[in-house]
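Read through the structure below, which is laid out as structure tokens, and then see the notes.
The values are calculated or read from the model by the stated rules, or taken from the named source; none is laboratory data. None of these values were measured; they are calculated from a predicted model. Methodologically, a virtual Cβ is constructed for each residue, glycine included, from the backbone with ideal geometry; neighbour enumeration extends over all protein chains shown. Note: accessible area is taken over every heavy atom of the protein model, side chains too, but ligands, DNA and RNA are not part of it. Shrake-Rupley method; radii C 1.70, N 1.55, O 1.52, S 1.80 Å.
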Amino acid sequence: PSSGPTPPALLRLSGDAQRALMASNTAAQHELWLAVEVANGAPCRLLLSNHVSVGGDDGENTVPLRIARDACGVAVAFPPDTDLGRRFPEGCFCIDPARGTTIERVAGDEVLFSDGSSRGLPFLTIVTAASRSVGFRITGHLVDAKGSDAREIAPEASRIPERERSERFWRDMTGPLRLQPVSSAPLAEDVAEIQEILPWFAHDALIHYLAPRGLEQYSGGGWGTRDVCQGPAELLLALGRWDPLRDLLLRVHRNQNADGDWPQWFMFFERERNIRPDDAHGDIVFWPVLALAQYLLASSDAGILDETVPFFHAEGDEHAEHATIWQHVERALGLVAARVIPGTRLAAYGHGDWNDSLQPVDPAMRERLCSAWTVTLQYQTLRTLAAALRQIGRDAHAPALDAIAVQVREEFQRLLIEDGVLAGFTYFRPDGGLDRLLHPRDGSTGIHFRLLPMIHAILADLFTPEQARAHVALIEAHLLAPDGARLFDRPPPYYGGLQRHFQRAETSTFFGREIGILYTHAHLRYAEAMAHWGDADAAFLALRQANPIGLQRAVAPARPRQRNCYTSSSDACFADRYDAASRYDELKAGAIAIEGGWRVYSSGAGISVNLIRGALLGLRQSRTRLVIDPVLPQSLDGLRATIEVAGLPVEIVYRIRERGCGPTALTLNGAPLGFECEPNPYRAGGASVAMDAVRARLVAGGNTLVVELR
């Protein structure tokens, strides 16, 4: 112990606290710290209890641990018959005491029980000698030998710039980006809270991208095809990180099936490449194509279409068919063309859409059920790909894509809207009739309004301005609650687990996530739709409702929750599905307490970063253009945001009149800056400026851009 590592400075608690405890990590070393100091009173013996996960969700976590004591500290190896043992046969993690910390005993779970008998639970316990100061360092060695240099003590000098490295790490995490409201503004505190959560959302988005898992899924996870093409892709787009986004897209296309589809999800590591489902929901095929098109628009990297990558083959890439990325896209578009409602261009439902709980009970419905939400995605993908091909000078295929999009729009208007209301689903009966589901005419499911197709129709410009206004009013009347925008006007009916229409929606006993019908990811798309529509107050409130910092000021019924991580859902505190069904109106009235759902593992964190930068502040950079399209409440007049443009610092000052959107003038370093107005059918569009014109005006040391809004 006398030669152990030196812990970081302790966090001391004030007042009458007997002990101060800190858990921390460093920016330079891959290690975690736990440190305890006795601030008042006699030295203490401490018991550290560590719950160790060595397997997945299949019972492997009850396997006894392999614990070894050595000169450095404690090492925990993985039993060979567990998931971690098979993946990392030489792997372990180590808990090393700091200088001055003495370990009296290392044991398993038996220390936790009064009779001293083990229950076979996967706990590592450590008892320390009495001391006024105790510290432990935790390091992982999945691929290193137990005695590798990674356990050696880092030189003390390496800790001197730790704060500087940490500050740079968090600054780079968000772009950089710094918000500074007028101190007297009514929403100044809300802006400060957005600034505070921003790097944490970026942190969570990077976890989802680099090592997909969450606090409730700590044993690991995979890339959901739909998810990785949203959160991580949108984070990298927002930060202008073209190279890692290019790599992400190539990885996704390497997992495309030879028939043109993708699996619903696939594993992150090559060693688990064959762990993947055999089918996918009807919307999955669109997401990689849409993400690729968005990348082309932002990066102008036409060369990616000529990159050759394999289609997925279970026996390895050497057995796979290889093709260019464009040929991969053509394979996907061919599948899209074949997988439609008979006699139309509208995408068929298949095995489901974004809401995993709404898979149909009757398999026959897959070919004739149409999700209006999937159609909005189909239309958006076709239009975005056509625009991208034109921008990079490969426009031979663009007219055909545009022509199909026109047909999809016409059939969307003619076949999926009735009585002025967009149906969540439309069933095309073999006799030619149409059945509306999740629509006011729906007499079977008990659900009359669905959020997702309405907001995505606004985002995809599929509604006329009059239709958009009417559907915004429907959302306000039927789909908003104190915690935000909900998936349906009420939960799906529950019949004791018996299935009538939708599988998991009618069998799940848990009232949360999609079943609880406030899924934060969808709520964020509502915020994006309100920004596109031009309702600055609604968009800003929606972002506040998704921010765990200061949440109770935005959502009065919210219970306290972890403040530094993205929460994937807003789960009302009902006892069960029956309680939720009978008292749902109380929830909408704000009389039911609300807790947070799963944490971290979601594409929503990356979407949040993109929305704060690209929708709230309206800052979207590509290689060739800078788009300035903010949507800000009038009470934030005078807001300042510091960003980097072309590698130089720029302070943006927002001058807001009544609407809070639609730039009327730009002034860069005191001189007017010309711009083109982007199209938007619902409001005045954003200002688009050539990057060359911006670079010509920027100066070293500091720049000021004043944005005048309507």
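Descriptive notes on the structure:
- Mean accessible surface per residue for the chain, computed with a 1.4 Å probe while every protein chain stays in place, in Å²: 41 Å²
- Pairwise FRET efficiency - E307 versus R178, Cβ, R0 = 30 Å, nearest 0.05: 0.25
- Calculated [θ] (222 nm, deg cm²/dmol) that DSSP helices of n ≥ 4 give over the chain, each run adding -39,500 (n - 2.57): -9000 deg cm²/dmol
- FRET efficiency estimate (nearest 0.05) - Cβ-Cβ, Y218 to A314, R0 25 angstrom: 0.30
- The angle between the Cα long axis of helix 242-254 and the longest principal axis of the Cα atoms of the chain comes to about 80 degrees, rounded to the nearest 10.
- Helix 398-415 axis versus longest C-alpha principal axis of the chain: approximately 80°, rounded to the nearest ten.
- The length gained on full extension between L112 and V127, counted as 0.36 nm times the residue separation minus their Cα-Cα distance, comes to 4.3 nm.
- Measuring only protein heavy atoms, the 1.4 Å probe finds Y495 accessible over about 60 Å².
- Here r is the Cβ-Cβ distance between T624 and L47 and R0 is 60 Å; the resulting FRET efficiency, rounded to 0.05, is 0.50.
- Approximating the spin labels as points 7 Å out from Cα along Cα→Cβ, the H322-to-Q413 distance works out to 4.7 nm.
- The alpha-carbon atoms of the chain define a convex hull whose volume equals 188 cubic angstrom per residue.
- Accessible area of M691 in the full protein assembly, 1.4 Å probe (Å², nearest 10): 10 Å²
- As a fraction of the 1.4 Å probe accessible area of the chain, surface on carbon and sulfur atoms comes out at 51 percent.
- By a 1.4 Å probe calculation restricted to protein chains, F113 has an accessible surface near 60 Å², given to the nearest 10.
- Vicinal HN-Hα couplings computed from phi for the range 190-195 (Karplus, 6.51 cos²θ - 1.76 cosθ + 1.60; Hz; Gly/Pro x): 5, 5, 4, 6, 5, 4
- Cα→Cβ-extended label distance, 7 Å offset, between R500 and A211, nm: 4.7 nm
- Dipole magnitude for the range 601-710: computed about the Cα centre from +1 point charges on Lys and Arg Cβ and -1 point charges on Asp and Glu Cβ, it is near 60 debye.
- The candidates E586, E31, arranged from most to least accessible area with a 1.4 Å probe in the full protein assembly, appear as E586, E31.
- When only alpha carbons are used to place a centre, the range 526-577 and the range 254-290 end up 31 Å from one another.
- Figure legend: label point modelled 7 angstrom from the Cα of R559 along Cα→Cβ; residues of the range 462-489 with amide N under 17 Å from it are 483.
- Among L369, T509, A387 - extreme Cα towards positive end, dipole of the range 360-511, charges at beta-carbon: T509
- Evaluated with a Cβ-only charge set (Lys, Arg +1; Asp, Glu -1), the chain carries a dipole of roughly 1260 debye about its Cα centre, given to the nearest 20.
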